[in-house]
Amino acid sequence: TANNGPANSNVETYDTTAGDTNPPTVTATEPADDDTGVAINVTVNAEFSEAMNEATITDTTFTLAGPGGPVVGTVTFNSGDNTASFAPSSDLTSGTTYTATISGTVEDAAGNSMETDYSWVFTTECSALTINGFYHPVDMEDSNGDPIVNTIKSGRAVALKFEVFDSNNVEQTST
């Protein structure tokens, strides 16, 4: 809507949201949907297609959940790049799948809601196994009685068995 002000004024103002009836969409996420090997200290991000009503992006409309239920964290919004971020309060559990969800109730600057929830999943990296003490590899047999000699096949361990000894060389456990 043009506002020409006083008769001798050349100032015009426009309401840029007046004609916007399109719902916002999520255009990118980090981590991406189905990502694996995600760092356990990740901040989860969702980028929107347009300017958003920041007041509608909260810890109830941007959530993260794992097998144990909701993850506690802090939600922020950067209006410069239309990105919402969820920062977990502590590291996520390694080797675990999480679901991030943006509620369909979040609104763009014109008041249009997304209408439907947007969710994506990712899996955190597996932590390394730490072995303390003295371990002796033990050969095993498969179901046919053939020897399995602690091998690596195609980059994956086929079978590993260790006898665990304490500092006095006494067997403790066998795994």
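Return one whole number: the accessible area per residue of segment 33-116 in Å², for a 1.4 Å probe.
The answer is 48 Å² per residue.
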Summed over the other residues with a beta carbon less than 13 angstrom from that of Val71, with K and R at +1 and D and E at -1, the charge totals -2
Here, Asn144 and Asp33, labelled 7 Å along Cα→Cβ, have an inter-label distance in nm of 4.3 nm
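Taking the Kirkwood radius as the inverse of the mean 1/r across Cα pairs, report the Rg/Rh of segment 72-121. Before the final figure, lay out the partial values.
Details: Rg = 13.1 Å, Rh = 12.7 Å.
Using Cα coordinates only, the ratio equals 1.03.
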Of every hundred units of 1.4 Å-probe accessible area on segment 27-91, the number belonging to carbon and sulfur atoms, as a percent, is 47 percent
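The values are calculated or read from the model by the stated rules, or taken from the named source; none is laboratory data. Everything numeric here is computed off the predicted structure, so don't read it as measured data. Every residue, glycine as well, gets a Cβ built from its backbone with ideal geometry; the counts of neighbours run over all protein chains shown. Note: accessible area is taken over every heavy atom of the protein model, side chains too, but ligands, DNA and RNA are not part of it. Shrake-Rupley method; radii C 1.70, N 1.55, O 1.52, S 1.80 Å.
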